Amino acid sequence: MITNDKGLLLVISGPSGTGKGTVCKRLLEKNENIFLSVSATTRKPREGEIDGVSYHFYDEDKFKNLIAKNQFIEWAAFCDNYYGTPKAPVEENINKGKDVLLEIEIEGAMKVRSKYPEGVYIFLFPPNIETLADRLRGRGTETEDVIAKRLERAKQELEMCTKYNYYVVNDDLEKAVQEIEAIIVAEKARKERNKVNFN
Ligand code: 5GP
């Protein structure tokens, strides 16, 4: 009687160090219907990151070539590197009924929103600014200079939260994930996303 064959486009942003990666990982473990979009970046891989899984690691020439070929839904420069969302996997999976998750920074998210206003935009907050700095340092993968840049950017990003539809605080991982799951359930029930056939 009710049909809804398209998946949701879920966009999660939040300052570096908010724990977006961990939240998204847990969300994926718990929900088979969610497809994580693998971004492209010119950043160097961190230890343990796998090409094609964590990111597609490209050099600047290749990245610019893909921009020119219109292969990205959006791209942005973030702390001296480029990041972009490949278009084809996102569209294919949404059309297959999968919910597609983008874990991207705010500038890119706003570009996505102008193209996909029907997407669901979630802003993830750290419990407080001190936790953010501690988490960035605790990662142990970045130099103090990079950490300082990311903290500065984090403060600017927090001010952009009003551009999103939902706020989730990452104080407790399981609770944050449950809140996002609740958002997904509610969004899928919206009348605008469902067709009703009375026959
Ligand atoms: P990191 O270098 O820590 O992996 O990512 C830095 C920032 O880039 C994070 O805020 C992350 O969400 C964002 N990011 C990752 N992939 C993309 C993307 O495809 N597009 C945009 N605009 N930002 C991205």
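Taking the Cβ-Cβ separation of Glu107 and Val196 as r and a Förster radius of 41 Å, what is the calculated FRET efficiency to the nearest 0.05? Mind dumping the intermediate values first?
On the way: r = 38 Å, r/R0 = 0.93.
Computed FRET efficiency for Glu107 and Val196: 0.60.
For the stretch 2-190, which whole-number percentage of the solvent-accessible area (1.4 Å probe, protein heavy atoms only) is attributable to carbon and sulfur atoms? Each step should come with its number before you reach the end.
On the way: 4980 of 9850 Å².
Using a 1.4 Å probe with all protein chains present, the stretch 2-190 comes out at 51 percent carbon and sulfur.
Under 18 Å from the Cα of Lys25, which aspartates and glutamates turn up, not counting those fewer than eight places away in the same chain?
Hits, sequence-local ones excluded: Glu47, Glu49, Asp51, Asp99, Glu103, Glu105, Asp171, Asp172, Glu174, Glu179, Glu181.
For the stretch 59-107, what size does the Cα cloud have along each of its three principal axes, sorted from largest down, in whole Å?
35, 23, 15
What full-extension length gain, to one decimal in nm, is calculated for Asn33 and Glu92 as 0.36 nm per residue of separation minus the Cα-Cα distance?
Details: separation 59, 0.36 × 59 = 21.24 nm, distance 1.36 nm.
Extra length from Asn33 to Glu92 when fully extended: 19.9 nm.
Give the value in nm², to one decimal: projected area of the alpha carbon convex hull of the chain, averaged over all directions.
On the way: hull surface 47.2 nm².
Convex hull of Cα atoms, orientation-averaged projection: 11.8 nm².
Below 16 Å, Cα to Cα, which lysines can Lys191 reach? Residues fewer than 8 away in the same chain don't count.
Answer for Lys191, where 16 Å is the Cα cut-off: Lys6, listed by chain and number.
Between Lys115 and Lys155, what FRET efficiency follows from the Cβ-Cβ distance if R0 is 30 Å, with the result rounded to 0.05?
The computed FRET efficiency comes out at 0.65.
Using a Förster distance of 45 Å, how high is the FRET efficiency between Val185 and Asp61, based on the Cβ-Cβ distance and rounded to 0.05? Each step should come with its number before you reach the end.
Values: r = 44 Å, r/R0 = 0.97.
For Val185 and Asp61, the calculated efficiency is 0.55.
Among Ser37, Ser114, Ser54, determine the one that fluctuates most according to a GNM of the chain built with springs between C-alpha atoms less than 10 Å apart.
Taking springs between Cα atoms under 10 Å, the residue moving most is Ser114.
Full-extension gain between Asp171 and Thr22, please, as 0.36 nm times their residue separation minus the C-alpha to C-alpha distance. Spell out each step's value before the answer.
Numbers: separation 149, 0.36 × 149 = 53.64 nm, distance 1.21 nm.
Fully extending the segment from Asp171 to Thr22 adds 52.4 nm.
If the chain between Cys79 and Asp134 were fully stretched, how many nm would it gain, using 0.36 nm times the residue separation less the Cα-Cα distance? Don't skip to the answer; put the middle values down first.
Numbers: separation 55, 0.36 × 55 = 19.80 nm, distance 1.89 nm.
This chain segment gains 17.9 nm when fully extended.
So what is the calculated 222 nm ellipticity per residue for the chain, using -39500 (n - 2.57) for each DSSP H run with n of 4 or more, over all residues, to the nearest 500 deg cm²/dmol? Mind dumping the intermediate values first?
Numbers: 7 runs with 80 residues, N = 199.
Dividing the helical sum by the residues of the chain leaves -12500 deg cm²/dmol.
With 18 Å as the limit, write out which pairs from Lys20/Lys64; Lys44/Lys111; Lys111/Lys163; Lys87/Lys111; Lys62/Lys111; Lys64/Lys87 have Cα-Cα distances beyond it, or answer none.
Numbers: Lys20/Lys64 27 Å; Lys44/Lys111 24 Å; Lys111/Lys163 12 Å; Lys87/Lys111 13 Å; Lys62/Lys111 21 Å; Lys64/Lys87 15 Å.
Where the Cα-Cα span goes over 18 Å, the pairs concerned are Lys20/Lys64; Lys44/Lys111; Lys62/Lys111.
The values are calculated or read from the model by the stated rules, or taken from the named source; none is laboratory data. Keep in mind the model is a prediction, meaning the values are calculated, not measured. Positions of Cβ are generated from backbone atoms using ideal geometry, with glycine treated the same way; all protein chains shown enter the neighbour counts. Each accessible area value is taken on the protein alone, full model and side chains, heavy atoms only, with ligands, DNA and RNA left out. Shrake-Rupley method; radii C 1.70, N 1.55, O 1.52, S 1.80 Å.
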